[in-house]
1. Taking Cα atoms, how many degrees apart are the long axis of helix 49-63 and the longest axis of the chain, rounded to 10 and kept between 0 and 90?
2. Please report the relative contact order for the chain, taking Cα pairs under 8 Å with a sequence separation of at least 6, and give it as a percent rounded to a whole number.
3. What would the Debye equation give as log₁₀ I(q)/I(0) for the chain at q = 0.15, 0.16, 0.17, 0.26 Å⁻¹, counting only Cα atoms as equal point scatterers?
4. Could you tell me the calculated FRET efficiency between Asp5 and Glu51, based on Cβ-Cβ distance and R0 = 25 angstrom, to the nearest 0.05?
Amino acid sequence: MKFNDELTGLIGLAIGAAVIGLVAERKPINRDSIVQEIERQGRSRGDGVEEDVFLKAAELVSKGM
């Protein structure tokens, strides 16, 4: 598997984890809440490499692409 494929998969997992976290907490699901949840999870789990994944995921969702 290429690095970009792995990175893309990790970004997808970060976005999915944020959505699941919002559902579990019964919070509204919209772009802003997803970005906030990704950032929150990134701060609580970030250890360098993972932190970059969460930042890229938040950036991707905030742009809406």
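Values in this text are rule-based calculations from the coordinates and carry no lab data. Since this is a predicted model, take the numbers as computed values, not measurements. Ideal geometry is used to build each Cβ from the backbone, glycine not excepted, and the neighbour counts take in all protein chains shown.
1. 60 degrees
2. Numbers: 57 pairs, mean separation 22.8, N = 65.
Relative contact order for the chain comes out at 35 percent.
3. Taken in order of the listed q values, log10 I(q)/I(0) reads -0.41, -0.47, -0.53, -1.11.
4. Working: r = 20 Å, r/R0 = 0.80.
That pair, Asp5 with Glu51, gives E of 0.80.
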